[in-house]
Amino acid sequence: MKCYSYILILLGFISGASGQTSEQDLIRTEIENSTDLIKPNILSNHPLGMYISRINHNFKVRSPEKYSFSFEVSSGNVMLPYVKSYTLTNPVDRANAAQFPWHYREYKFDLNTVPAQTNSFTADGVIRSYKFTFSLPLSVNHELTFGIRSYSLDGGKYPFSVFTSDESIEWFHSTIAGGEDPFSRRYYGLNKAKISYQDENNTFLTMNNGNFRIPGMEINYFYYPKLEMNKKHRIYMNFGAHFGINMSRYNPVMDIGISSSAIKKMIVKDKNILTVGISAGALRQRLFQFGDRVNFSDRSFLYSFEGLIDYKRKLQNNNTISFGINYTFQTPYNNKNDFNHIILTGERVKSHWQETLSHLYENLDAWNFICTYSVKQFSYFIYIREDLTLDNAPDLQTGFGVKMSFKN
């Protein structure tokens, strides 16, 4: 990945200007004695992605000295009106469809007779995630983590959804930016809760208001090598192996992934620490399958990338507060080229109506803003996630959590 190489060069350039040689020992001691960066699990509450064991990238520079346990809750507002797709199966029809923009194809074919496989998808409501993670340090350079992910669906009424309720989001659109009801929430009705997905094999996923599910668990192994550039340039690496066991009846499979991160640490002022990091990963889906499943994704591999800038300020009594900006990127759930011969149908209420299914063929990205406050063995964090590409899956997501560290 070219972007990955460019940022590594940038990290090396920054390291040459970050301090005098006489200060290196003091800076290295301060960095090594400080608590490592704490980043929440910022994966999106995607109505299909929650059934897949995606990679949450790691920006730590060492294995922790203590056992730790974290609990996180997040809420994501999803609005994807009903859309049905026809994937043409005849090669002549496919070639013909590829000549037209997607929004003209519906009028070029008789959908009652053309050979095609069909999909349909609709999702509306607030998806809440509940993630439990236990971290086990194996040695100075090795760490093992265990995580369980669970989700629920509801309409997102006050007071449980202050920022992610339909009312709050549409108030923002109407009074600040976006215009009146740009995603048809008011048209279809506020505070609804329903997810329904049908794949090409006529297999269904449904989720209703109040449903709670535990789609799976993850086991992650991280290696933090000791390298010469740790001391010389304060650039660190970590490598991860990720094992996801999906336990739901909708996707009974095992996924396996790998990741790698490069992190640059700098002392900015009064022993405050600036962290700049990049991370890339690949997830092999469905390495093992234990039964029939819903086809959420037709790609064998999902690739992801994250970039992070974090500034940690030291407070009194060795407490700290940090502010971070994170960018996340993921390749599409479905093959991009397949979109060239797909016909989409649905109510053309607003200009974004097709995003319900079309976003599954597009790269997904989002920006996250994170704040963490640490005191003794407890760290408290909040974050907000916004999808600037407007696929609304989810539109806005907020989260909070706590991490507790214990002595060995």
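Can you say whether Lys194 is open to solvent by 20 Å² or more (accessible area, probe 1.4 Å) and more than 23 Å from Ala393 (Cβ to Cβ), as far as the supplied structure shows? Outline the logic, then answer.
Values: open to solvent by 20 Å² or more (accessible area, probe 1.4 Å): yes; more than 23 Å from Ala393 (Cβ to Cβ): no.
Against the criterion (open to solvent by 20 Å² or more (accessible area, probe 1.4 Å) and more than 23 Å from Ala393 (Cβ to Cβ)), Lys194 does not qualify.
Report whether or not Phe305 is farther than 30 Å from Val61 by Cβ and either more than 19 Å from the chain's Cα centre (by Cα) or surrounded by 18 or more Cβ atoms within 10 Å (Cβ to Cβ) (or both).
Working: farther than 30 Å from Val61 by Cβ: no; either more than 19 Å from the chain's Cα centre (by Cα) or surrounded by 18 or more Cβ atoms within 10 Å (Cβ to Cβ) (or both): yes.
Against the criterion (farther than 30 Å from Val61 by Cβ and either more than 19 Å from the chain's Cα centre (by Cα) or surrounded by 18 or more Cβ atoms within 10 Å (Cβ to Cβ) (or both)), Phe305 does not qualify.
May I ask you to list pairs of residues, at least six apart or on different chains, whose Cβ atoms are under 8 Å apart, with the first in the range 348-364 being within 20 Å of Tyr107 (Cα to Cα) and the second being hydroxyl-bearing (Ser, Thr, Tyr) and part of a loop (DSSP other than H, G, I, E, B)?
Val349/Ser184; Lys350/Ser184; Trp353/Ser184
Being open to solvent by less than 80 Å² (accessible area, probe 1.4 Å), touching a strand residue (DSSP E or B) at 6+ places or on another chain (Cβ under 6 Å), more than 26 Å from Trp353 (Cα to Cα) and hydrophobic (A, V, I, L, M, F, W, C) narrows it down to one residue among Met217, Met247; which is it? Let's see the steps before the verdict.
Numbers: Met247 fails: open to solvent by less than 80 Å² (accessible area, probe 1.4 Å).
Testing whether each residue is open to solvent by less than 80 Å² (accessible area, probe 1.4 Å), touching a strand residue (DSSP E or B) at 6+ places or on another chain (Cβ under 6 Å), more than 26 Å from Trp353 (Cα to Cα) and hydrophobic (A, V, I, L, M, F, W, C) leaves just Met217.
Condition first: assigned to a loop (DSSP other than H, G, I, E, B) and either at pLDDT below 95 or open to solvent by 50 Å² or more (accessible area, probe 1.4 Å) (or both). Now tell me which residues in the range 308-353 satisfy that. Give the steps one after another, and end with the answer.
Looking only at the range 308-353, we keep the residues that are assigned to a loop (DSSP other than H, G, I, E, B), and these are 315, 319, 331-335, 347-353.
Scanning the range 308-353 gives Leu315, Asn319, Asn335, Glu347, Arg348, Val349, Lys350, Ser351, His352, Trp353.
How many residues does the range 71-98 contain that are without any contact (Cβ under 8 Å) to a residue 40 or more places away in the chain and of a type in the set (Val, Ile, Thr)?
Going through the range 71-98 one residue at a time, the tally reaches 2.
For Phe381, are the conditions met, namely being open to solvent by 60 Å² or more (accessible area, probe 1.4 Å), outside any helix (DSSP H, G or I) and either aromatic (Phe, Trp, Tyr) or in contact with a Leu (Cβ under 8 Å, 6 or more places away or on another chain) (or both)?
Values: open to solvent by 60 Å² or more (accessible area, probe 1.4 Å): no; outside any helix (DSSP H, G or I): yes; either aromatic (Phe, Trp, Tyr) or in contact with a Leu (Cβ under 8 Å, 6 or more places away or on another chain) (or both): yes.
Spelling it out, it is not the case that Phe381 is open to solvent by 60 Å² or more (accessible area, probe 1.4 Å), outside any helix (DSSP H, G or I) and either aromatic (Phe, Trp, Tyr) or in contact with a Leu (Cβ under 8 Å, 6 or more places away or on another chain) (or both).
Which ones in the range 91-127 are polar (S, T, N, Q) and open to solvent by 60 Å² or more (accessible area, probe 1.4 Å)? Walk me through it before giving the result.
First, pick out the residues of the range 91-127 that are polar (S, T, N, Q): 96, 99, 112-113, 117-120, 122.
If the condition is that a residue be polar (S, T, N, Q) and open to solvent by 60 Å² or more (accessible area, probe 1.4 Å), then Gln99, Asn112, Thr113, Gln117 are the ones that fit.
The values are calculated or read from the model by the stated rules, or taken from the named source; none is laboratory data. Just so it is clear, the structure is predicted and the values come from calculations on it, not from any experiment. Positions of Cβ are generated from backbone atoms using ideal geometry, with glycine treated the same way; all protein chains shown enter the neighbour counts. Keep in mind that these areas ignore ligands, DNA and RNA; they rest on the heavy atoms of the full protein, side chains included. Shrake-Rupley method; radii C 1.70, N 1.55, O 1.52, S 1.80 Å.
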